[in-house]
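The values are calculated or read from the model by the stated rules, or taken from the named source; none is laboratory data. For clarity, every value in this text was computed on a predicted model and none was experimentally measured. Cβ coordinates were reconstructed from backbone atoms using ideal geometry, including for glycine residues, and neighbour counts include every protein chain displayed. Calculation scope for accessible area: heavy atoms of the full protein, side chains included, ligands and nucleic acids excluded. Shrake-Rupley method; radii C 1.70, N 1.55, O 1.52, S 1.80 Å.
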Amino acid sequence: MGANTYSADRLTSEKSDDPAYPAYVLGKLNEAFQTVDSIHGGRLGTGCLRRLRLELRNEWRTRRQRTCDKPSPYQPLLDGQASRQEIEDKRSELKAFVETVRKDLYDAESRVEHLRAALAAAELDRDKVLDFMNVHTRLNPPIHQLPPEILALIFSFTFNPPFRVFDSRASGPWLLGKVCSTWRKVAWETPTLWKSFVLCCDSDGTDLDLDQALLELADTFRKDLLRQVLTRSGQTPLTVVLETYRNDVTYIQILTQHLPRVAELRVSGRLTNFSAFGDAPPMPLLAKLNMSVHGGFAQSDDEEDPEASS
């Protein structure tokens, strides 16, 4: 029983002004020893003792009646039924009573902190489980279960056409293709995503500090991008914004092969560059033409084909 006495002393050593608290602890302690006596020889380990003491303290605080749960002994004073002198006479009593209530406040704040710590630990555990789940969910995201037609329809709302052909990093369908192979396949095979574009030929790279070989490589790459756009647009009607201020008509020559599919054409640039349109095929779908020409004359905004408009 020596170990029992030691444990009881440890458990009842906590400060408490309530004389019923040690008796309550001793009663619970006897129940605990009766439970563990046959297993541990009547001894409680340090960790077990600490946990038991915490549990008993919290349980006692929950079960006992707090001062604020009972009618106030000073209710007549609170109701204004006492004179100022009566209040002055009870000043020391009121001060002691407030200190008693303050202990209840400390207990309540302690429980609040305990619950906050428990909540923080639970949130961390939840976030850990969520991250673990998301890592595995991303292997087969729900959006990959959509039919390609639905995914393509969603893609059509992700950017405002026209996109820039030579901005392959963050413009239009180029950006969609950088997400994953599934998105790239759908975007590459959806002609409507490629039907409206800006073809800007206002720089040949001479403003960059590059040697001739790299300039030629960059030019070849840009022409390949244009061919990819035109190929992926399939047979859909095109909306083309052409900006050309350099003395190079090769991009226009690539475009002229697809002029029969152009429904809207907005052109700005040097007049001399438009000689490449001299042998252009007919444009039966053209419904809107906007031209801003420099180097000879300026002409027309929003000229429409009379036959197409009718």
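Under the condition of being basic (Lys, Arg) and under 19 Å from residue 161 (Cβ atoms), which residue from segment 228-276 is most open to solvent (accessible area, probe 1.4 Å)?
Selected residue: 266.
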Within segment 227-246, identify whether any single residue is in contact with a helix residue (DSSP H, G or I) (Cβ under 9 Å, 6 or more places away or on another chain), at pLDDT below 90, farther than 24 Å from residue 148 by Cα and polar (S, T, N, Q), and answer yes or no. yes
Just checking, does segment 240-263 include any residue being within 29 Å of residue 192 (Cβ to Cβ) and in contact with a His (Cβ under 6 Å, 6 or more places away or on another chain)? no
Of those in segment 177-187 that are surrounded by fewer than 21 Cβ atoms within 10 Å (Cβ to Cβ) and in contact with a Phe, Trp or Tyr (Cβ under 9 Å, 6 or more places away or on another chain), the residue nearest to residue 238 (Cα to Cα) is 177
